Amino acid sequence: MASPDTIKKTLARIAAQADEAIDLGEAALVLASFDHPASDLQIYREHLKTIAEAVHDAAADLDAENPAPEDMARALNKVLVDDFRYAGDEDTYDDLDNANMMRVIERRRGLPVSLGILYIFAARAQGWSAAGLNFPGHFLIRIEGRDGQRIIIDPFHSGRVMETQALRELLKLVRQDAGAELESAHYKTVSNREVLIRLQNNVKTRRMELNEVDGALEALASMQVLDPDNATLWREAGVMHMRLGRIKNAVESFEGFVARAPEGPDRRKIGQVVEELRERLH
């Protein structure tokens, strides 16, 4: 059984790597172990290895030098959707299990980002270019061939290919704005750290909805390990500690925000809050 400190140290070693060196599958399992510290990660690692090997076999007939993105997507879908029966959990979307990679593997159900991590892991195991996109409200993946040809797929809906019109309709849906239009920023890829933070943000949000503030703080702490210079995370931690009446912890978190935030009204406001809280400690 891994202790919380051991898990934190493992996550810290992952976070210390260059972003491109981070193994998303392994990192997602380590994050999942915060909720399931007694679980044997090797079982799940073997499953990821099996997926990668199955995609390799499914891609045996593809052009090894320059496989087309559509062919790569078909091989991924054949394994993840047809063979292993992974699917988006539309019935119990907000279930915390959908953001925990161990439970996703066990249930074959998950969120767009957790399923997306499986797709990216399996694709990269073949040496293919795959990355998450900066699309709001719904995690999508871009697959790119060596000749620069690209497609976008939706891991939550059986890896379907998303053409421009489908992307436009999805954007209007997630924004709840009939006038929303696609922007170049929506097509930009995100880093591995950003993918993992997006995964943990789901855990944090669900915990807060359940009024499990300590659990939300734990998820937030893992996000801070992954991105310690993100000032917003420190401010969020301060607010949560205040909600729990932990004034000393709130001061430390807000000080972390002030040390990292750019000069401006928000930083000055939180600086004033820090001074007021310090007075309460004396």
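What residue, of Asp71, Asp35, is assigned to a loop (DSSP other than H, G, I, E, B), touching a residue at least 12 places away in the same chain (Cβ under 8 Å) and surrounded by 13 or more Cβ atoms within 10 Å (Cβ to Cβ)?
Asp35
Does Glu209 satisfy being within 27 Å of Val273 (Cβ to Cβ), out of contact with any strand residue (DSSP E or B) (no Cβ under 6 Å at 6 or more places or on another chain) and touching a residue at least 40 places away in the same chain (Cβ under 8 Å)? Yes. Between Ser253, Ser222, Ser158, Ser184, the distinction of being among the small types (Gly, Ala, Ser) and modelled with pLDDT under 95 belongs to Ser184 only. Taking the criterion of being surrounded by fewer than 20 Cβ atoms within 10 Å (Cβ to Cβ) and among the hydrophobic types (A, V, I, L, M, F, W, C), the residues of the range 241-257 that qualify are Met242, Leu244, Ile247.
Pairing each residue of the range 13-26 that is more than 19 Å from Ile105 (Cβ to Cβ) with any residue that is part of a loop (DSSP other than H, G, I, E, B) and of a type outside the set (Lys, Arg), provided the two are 6+ apart or on different chains, yields C-beta distances under 6 Å for Asp19/Ser191.
The number of residues in the range 112-148 being at pLDDT 95 or above, outside any strand (DSSP E or B) and polar (S, T, N, Q) comes to 2.
Is it fair to say Phe156 is assigned to a loop (DSSP other than H, G, I, E, B), in contact (Cβ under 8 Å) with a residue 40 or more places away in the chain and either touching a helix residue (DSSP H, G or I) at 6+ places or on another chain (Cβ under 9 Å) or not assigned by TED's automatic domain parsing to the domain that holds Ala21 (or both)? So Phe156 fails the test.
The values are calculated or read from the model by the stated rules, or taken from the named source; none is laboratory data. Source: prediction; values computed, not measured. Here Cβ is always computed from backbone atoms with ideal geometry, including for glycine, and neighbour counts include all displayed protein chains.
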